[in-house]
Amino acid sequence: MASPRKTVRTNRRKRNSYRVPLIGMALVVIAVIAAVVFLDRTHRRQPAVQQAPPPAVERHKLPPRGPDRPVVHEDYTGVIHHPAEPQRTQRPTGPGTLAVVIDDMGKGLPEARALMDIGIPLTFAIIPGLPKVRRVAEEARQRGIEVMVHLPMEPKGYPERRLEANGLLLSLGDDEIVGRVNGYLNEIPQAVGANNHMGSEFTENRQKMAVVMGVLKERGLFFVDSKTSPVSVGDAVAREMGVRTAVRNVFLDNIQEPGYIAKQLRQAASIARKRGSAIAICHPHPATIQTLAAELPRLRDEGITFVSVSRLVR
């Protein structure tokens, strides 16, 4: 049996033999942890690899840089321009012939003189029976402005829709219609033609329009169909009876606002350029006179030739 002292020494040796491998394993674990921490910190310090951006749209690319080619900055899509400097689109130019008819003339002289002062050939369509008919017609003749009779004719919705008391009605007999049309022409002897004032109902009636065309033919006058009805037979009946005629293409001032009137004028000019000629109709409203004074000389400079409407009837 071993002595107690010898037994203690034996146990101490056994404990020491177990301690050495454990210490080694601990050192290995510490080394691994340290390596992981080191690699992680190193990876964080390295810049991340950036993915290449998607290819730029061609119109957005900047000009290439180079030693002999300076960078030029241009406006690109999406740039918001200051309201004080609006983008200007180039106005179309080119030849075309346009006649501008001013309806409802004869109420006063100031608007007639303002229109004549524009210095562009126009045609006045004068309503018979208005206060200044004779003076407007005579001054227009003296200034080289062509004159037509603006024939008052029954509109749809009459009598709720007002018409001049001397107007042509479907209820009138043929002799009465002939008498009234001759009366109009006697009141305005300067007239070289006629067009309809209102008449969306009357101009759809072939028989009554034939009565009117008979008078115009006797007088050697032409007829311009204002087309207040899309199914007007005015121009068709005129051709059948041998009366020179033409049809309105554009109304300029259904909305009495300068921007709208200018847009309608450009539309009329566009038709004139495409077809060779066009007829526009408007009225002596202040906004219309203002816009005509500004736009007609500009259109003339852009190639539009303004003529009296008699030049466009066939």
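The values are calculated or read from the model by the stated rules, or taken from the named source; none is laboratory data. Small disclaimer: the values here were computed from a predicted structure and weren't measured. Counting neighbours? That spans all protein chains shown, and the Cβs are built from the backbone with ideal geometry, glycine included. We work out accessible area using only protein heavy atoms, side chains counted, and drop any ligands, DNA or RNA first. Shrake-Rupley method; radii C 1.70, N 1.55, O 1.52, S 1.80 Å.
Key figures
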| item | result |
| --- | --- |
| Region 167-314 pair-distance distribution - Cα-Cα, 10 Å bins, rounded % | 11, 36, 33, 18, 2 |
| Computed accessible area, Tyr158, all protein chains, 1.4 angstrom probe, square angstrom | 90 Å² |
| Theoretical FRET efficiency, 1/(1+(r/R0)^6), r = Cβ-Cβ of Lys217 and Asp175, R0 25 Å, to 0.05 | 0.90 |
| Förster-model FRET efficiency, 22 Å R0, Ala114 and Arg91, C-beta, rounded to 0.05 | 0.35 |
| Label-point separation in nm, Arg135 to Thr305, each point 7 Å along Cα→Cβ | 3.6 nm |
| Probe 1.4 Å, all protein chains present, accessible-area order of Lys274, Lys208, largest first | Lys274, Lys208 |
| Accessible-area order (highest first, 1.4 angstrom probe) of the listed residues Ser229, Ser171 | Ser171, Ser229 |
| Ranked order, Phe251, Phe202 - accessible area, probe 1.4 Å, largest first | Phe251, Phe202 |
| Val309 accessible area, 1.4 Å probe, all protein chains in place, Å² to nearest 10 | 0 Å² |
| Protection proxy ranking, peptides 296-305, 141-150, average beta carbon neighbours within 10 Å, highest first | 141-150, 296-305 |
| Potential lengthening between Lys107 and Glu240 on full extension [0.36 nm per residue; Cα-Cα distance subtracted] | 44.5 nm |
| Distance between modelled label sites at Asn186 and Asn166, nm, 7 Å Cα→Cβ extension | 1.0 nm |
